[in-house]
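K.L.:
To start, I am sharing the structure in question, which I have written as structure tokens.
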Amino acid sequence: MANGFWRNARGRGDNRLSLAAFALLAILLLMLSRAQVNVFDRARAQISDAAAPWLSKIEAPFDGFNRWVGNLTGIFSVYSENLRLKDENARLRQWQGAAILMQARVTNYERLLHAVPRRDTSSVLAHVIGRSGRPYLQTMILDAGKAEGVRPGEAVLDARGLIGRILVSGDHTSWVIPLKDLNSRVPIAIAPGNAQAILAGNNTAYPGIETLDPRVQIKAGDVVFTSGDGGLLPPGLPIGTVIVQANRYRVALFADANSGADVEVLDFKGIPETQPTPQATDIPAPPPPPVTQTAPASSVPAVVDGNE
Amino acid sequence: MVGGLFAGILPFACGVIGVVLANLPVSFTSGLLPPPLLALMPVYFWSLVRPDLMPPWAAFALGLLQDLLSGMPPGVWAASFIAAYALIDRQRDSFAGLSGWAAVLGFGIVAVVANLCAFLLVSFYFRAIPPFTPAFSLLVVTVVLYAPVAVILAFIHRRLVGSARTHL
């Protein structure tokens, strides 16, 4: 009996030691990961590559069920939704006319100014084979990877706008980080006024707007699109509209990461931002020495008389 | 009872199956509810009934596998599972004496510790406080699903693994 107690106590003591060691190891891994040494990315890509054939088979029946559940609430508001859509369609047709007119005008101006033509971006069409909404990370898995030209950081869009960016790409699959995910940070511009800010995911349906110049005035309904800062995403991709929630600016996204089955991955090669070469003129000139009001009479004569 | 080696790896295998099932990139509820933390259930169950078959390294490995498959920064669930294991190890006699709904409550306490640890580590990692509601949903879904999963685990324990042969 006594021996049993001793063995139990020894066992618990060993456990405590190993628990402390494993806790330390976990914290160390977390800190390494924080320092951008993500050893897991390659393993994740390999796992999703290996599981891709089964994923698409498993996902198919649930995809239909989830769409059915998603549309269930819409059945009860079909009539009012139809009226709203008709109204919206009429307004969009007006805007379409205005946009065509503006496009023609811009093309004319560009021709007159001999503007450098914008580079076309190629894209890859991919199918969503997996989607998960966990409390701290929301991801989508696409059936296109490095073999199809998909690289980490590239923009992922559906027909309505930007969904997110590629987080990890394997040989034939890739993980997407949606805009609303806690990890997501995207440089944005808000029109009208072209206010620059960062769209920060917060794991809710409405990501927040950060680093907005406090002097800039924006309002609900303003349109948000990518600014292209950093050269990772092309400028001008539609993201959403500004809304105000609890006195904070947030963005209602155009794209719905939960419903789209096919997405487009943009291969954008932005011009890398280079730091300008420092010039001598960058350094502000030293301030002039303070002018003394009362100079000594013997050093410099105040008035030179030509007769002297 | 089955062979010693198979019975020995079965508790850990239950955890691995839990991690894989919970991290299938398919939502069974159209995204309304998060997938439960299935891997924590075998960790709790086996570390109470057969701690010799669920040592700390197994809890750590299951947490790390959860990190790997869920896309979380490596170490978040590993540290959380170790925190949960430390609580079970410290209060083993109290938890082992619980039965019925009290056992579910016991698991609930352990799940709160694991989720709170993950919440704090994620807040530290991203330097932002994540929304509380999804984290709470994860906790509720995990605790609610413990009762049916515990029935399966108890069946595996009775039929395949068996009781401990030592006092350790």
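Read the figures in this text as sums done on the coordinates, not as results from a lab. Fair warning: this is a prediction, and the values are worked out from it, not measured in the lab. Cβ placement follows ideal geometry from the backbone for every residue including glycine, while neighbour counts extend to all protein chains displayed.
K.L.:
What net charge do the residues around B:Thr133 carry, taking every other residue with its C-beta under 15 Å from that of B:Thr133, with Lys and Arg at +1 and Asp and Glu at -1?
P.N.:
Values: positive: A:Arg134, A:Lys180; negative: none.
Net charge around B:Thr133: +2.
K.L.:
While we're here: Within 10 Å of each Cβ of B:114-122, how many other protein chain Cβ atoms are there on average?
P.N.:
Numbers: counts 0, 1, 0, 2, 2, 2, 0, 4, 6.
Mean shielding count: 2.
K.L.:
Tell me the mean residue ellipticity at 222 nm calculated for chain B from its helices only (DSSP H runs of n ≥ 4, each -39500 (n - 2.57), averaged over every residue, nearest 500).
P.N.:
Details: 7 runs with 115 residues, N = 168.
Counting only the DSSP helices, I get -23000 deg cm²/dmol.
K.L.:
Add +1 for every Lys or Arg and -1 for every Asp or Glu among the other residues with Cβ under 11 Å from the Cβ of A:Ile243, and state the total.
P.N.:
Once positives and negatives cancel, what remains is +2.
K.L.:
Provide the packing ranking of A:257-267, A:82-92, B:61-71, i.e. peptides ordered by the mean count of other C-beta atoms within 10 Å per residue, highest first. Spell out each step's value before the answer.
P.N.:
Details: A:257-267: 18.4, A:82-92: 10.0, B:61-71: 23.6.
Ranking, from highest mean packing down: B:61-71, A:257-267, A:82-92.
K.L.:
Here is a further query. Which residues' amide hydrogens lie under 5 Å from the amide hydrogen of A:Ile188, considering only partners 5 or more residues apart or on another chain, with H built in the peptide plane?
P.N.:
A:Ala197, A:Ile198, A:Leu199, A:Ser227
K.L.:
Which order do A:Met102, B:Met72 fall in if you start with the one that has the fewest other Cβ atoms within 10 Å?
P.N.:
Numbers: A:Met102 10, B:Met72 24.
If I rank by nearby Cβ atoms, fewest first, I get A:Met102, B:Met72.
K.L.:
With a bin width of 10 angstrom, please list the P(r) values of segment A:83-135 as percents of all Cα-Cα pairs, from the 0 bin to the one holding the largest distance.
P.N.:
17, 20, 24, 28, 10, 1
K.L.:
Using only the alpha-carbon atoms, how far is helix B:101-126 inclined from the longest principal axis of chain B? Give it as 0 to 90 degrees, nearest 10.
P.N.:
Long axis of B:101-126 versus the principal axis of chain B: about 40 degrees.
K.L.:
I would also like to ask the following. Under a 5 Å amide H to amide H cut-off, with H placed in plane at 1.01 Å, what residues pair with B:Leu37 once short-range neighbours are removed?
P.N.:
Hits under the 5 Å cutoff: B:Thr142.
K.L.:
Using θ = phi - 60° and the Karplus relation 6.51 cos²θ - 1.76 cosθ + 1.60, list the HN-Hα couplings for segment A:93-104 in order, rounded to whole Hz, with x at every Gly or Pro.
P.N.:
Using θ = phi - 60°, the values come out as 5, 4, 5, 4, x, 5, 5, 5, 4, 5, 4, 4 Hz.
K.L.:
Now for a separate question. For A:Ile163, what residues show an amide H to amide H distance below 5 Å, using hydrogens built from the backbone and excluding near sequence neighbours?
P.N.:
Correct list: A:Val156, A:Leu157, A:Asp158.
K.L.:
For peptide B:130-142, how many partner chain Cβ atoms fall within 10 Å of a residue's Cβ, on average?
P.N.:
Numbers: counts 7, 6, 1, 3, 7, 4, 1, 2, 3, 1, 0, 0, 0.
Mean partner-chain Cβ count within 10 Å for B:130-142: 3.
K.L.:
Among A:105-116, A:154-165, A:128-139, how do they line up by average Cβ neighbours within 10 Å per residue, starting with the highest?
P.N.:
Answer by packing, highest mean first, reads A:128-139, A:154-165, A:105-116.
K.L.:
Specify the angular offset, from 0 to 90 degrees and rounded to the nearest 10, of the alpha carbon long axis of helix B:56-70 from the longest principal axis of the alpha carbons in chain B.
P.N.:
Helix B:56-70 and the main axis of chain B meet at about 40 degrees.
K.L.:
A further question on this structure: Through the Karplus equation 6.51 cos²θ - 1.76 cosθ + 1.60, θ set to phi - 60°, convert the phi angles of segment B:13-18 into ³J(HN,Hα) values in whole Hz; use x for Gly and Pro.
P.N.:
Each residue of segment B:13-18 in turn: 4, 4, x, 5, 4, x Hz.
K.L.:
Give the separation of the Cα centroids, segment A:112-182 to segment B:81-143, in Å.
P.N.:
After rounding, the separation between the Cα centres reads 34 Å.
K.L.:
How many partner chain Cβ atoms sit within 10 Å of a residue's Cβ in peptide A:124-136, on average, as a whole number? Please report the intermediate quantities before stating the final value.
P.N.:
Details: counts 0, 0, 0, 0, 1, 2, 5, 4, 12, 11, 11, 18, 19.
Across the residues of A:124-136, the mean count of other-chain Cβ atoms within 10 Å is 6.
K.L.:
With 32 Å as the limit, write out which pairs from A:Lys57/A:Lys86; A:Lys86/A:Lys219; A:Lys86/A:Lys146 have Cα-Cα distances beyond it, or answer none.
P.N.:
Where the Cα-Cα span goes over 32 Å, the pairs concerned are A:Lys57/A:Lys86; A:Lys86/A:Lys146.
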